[in-house]
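K.L.:
Please find one structure pasted underneath; my questions will follow.
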Amino acid sequence: MKLITTLSVSISLLSSGALADGPRHLTYATEGGNALDAFVYSPSVDAETLESPIPAILMIHGGGWVMGSPWFMSRQSQALADEGFVVINIEYRLTDRETGLNAFPIPVHDTKAAVRWTRANAAALNVDPDHIGAVGGSAGAHLASLLATSGDVEELEGDVGEHGNVSSEIQAAVGWAAPFDLIAVAEVDPDDWDGVLAAFMGGTFDEVPENYYLASPAEHMDATDPPVLLLHEFEERIVFPTLQTEAFERGERIIEGFEVVNWEGEEHAFWVPGRGEHDRAEQTIQMTAEFFRKHLSD
């Protein structure tokens, strides 16, 4: 199944779940006269039952880096907010498959700017600036994972937003179906990716290998990185976890708190309610919330 076909089905399922109250709609940066949006979901429980400030989680949507919006992750954002987090569901600039506009590293620069904005505005958002996590699905999982492993990679910082003197480091990351090792994933026939990986990277691996190495979360791992949880259905054929096992094993050796869960199954977008044989949406939220509670509370 082609990547875009799978993601298009995800859109229709997610868009059917409108929220009753809705999140706060803010702007975390403006680039080229266009606002980059952040939708802030706060815990829906009695504020007196929560410690203040609250850990923050950036939610990063998927869509092969070329399509999608924060509304892909509206249900998941609300679900994690209900678990006691402030969830900041962000927009980022998408790569134009025809012109190459906003190809790598632009989406990475945007996500780092969103972390800096969150930290700089922690008091107004009622979040703890020292406890910020990131989670995403598919392409969003790549970006969330890269936030975790590239905290000291100056080439990926960019100059988006107004808070360049603020740290973009996060304290934990969760990836749902992450292309974590882009070097391994690049071995897949580009047609199986419907061309989106090459569009995002600015070319194939043979054409721009330096981009793949710089963009791959697995290439930046070291012992200073924060905990990372990666969830996959192991037999899926979009991000091919079977090709990434060496990187997963390296992560478990290098990073304290690095965890990989490879479920049985072939579903890519398992975080979407009703998807796949096993319907892992609720389990995904629970495991993600438990991981963040463990690593964003010390």
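K.L.:
If the chain between Asp279 and Asp206 were fully stretched, how many nm would it gain, using 0.36 nm times the residue separation less the Cα-Cα distance?
P.N.:
Here the answer is 22.5 nm.
K.L.:
Would any residue of the range 107-146 have its amide N under 11 Å from a label point 7 Å out along Cα→Cβ of Glu249? List them or say none.
P.N.:
It comes to no residues whatsoever.
K.L.:
Now, a different point. What net charge do the residues around Glu267 carry, taking every other residue with its C-beta under 13 Å from that of Glu267, with Lys and Arg at +1 and Asp and Glu at -1?
P.N.:
Local net charge: -4.
K.L.:
Which GluC sites (Glu not before Pro) in the range 76-135 sit in a loop by DSSP (not H, G, I, E or B) and have at most 13 other Cβ atoms within 10 Å of their own Cβ?
P.N.:
Sparse-neighbourhood loop GluC sites (Glu not before Pro): Glu98.
K.L.:
Grab the other residues whose beta carbon is less than 12 angstrom from that of Ala173, score K and R as +1, D and E as -1, and report the net.
P.N.:
Here the count lands on -3.
K.L.:
Also, quick follow-up: Under a Cβ-Cβ cut-off of 13 Å, what is the net charge of the residues other than Gly202 that fall near it, where Lys and Arg count +1 and Asp and Glu count -1? The partial results should precede the final answer.
P.N.:
Details: positive: Arg97; negative: Asp96, Asp206, Glu207, Glu210.
Neighbour charge sum, excluding Gly202 itself: -3.
K.L.:
Go through (i) 17.4, 56; (ii) 19.2, 57; (iii) 18.7, 62 and flag the label whose value is the computed Rg and Dmax of the Cα atoms in Å for this structure.
P.N.:
This structure yields the entry labelled (i).
K.L.:
Further question: How do Ser216, Ser69 rank by accessible surface area computed with a 1.4 Å probe, from largest to smallest?
P.N.:
The most accessible residue leads, giving Ser69, Ser216.
K.L.:
Then there's this: What number, in percent, do you get for the relative contact order of the chain if the mean sequence gap of Cα pairs under 8 Å and at least 6 apart is divided by its residue count?
P.N.:
Relative contact order for the chain comes out at 18 percent.
The values are calculated or read from the model by the stated rules, or taken from the named source; none is laboratory data. Please read all numbers here as calculations on a predicted model, not as lab measurements. Note: ideal-geometry Cβ built from the backbone for every residue, glycine included; neighbour counts use all protein chains shown. Note: accessible area is taken over every heavy atom of the protein model, side chains too, but ligands, DNA and RNA are not part of it. Shrake-Rupley method; radii C 1.70, N 1.55, O 1.52, S 1.80 Å.
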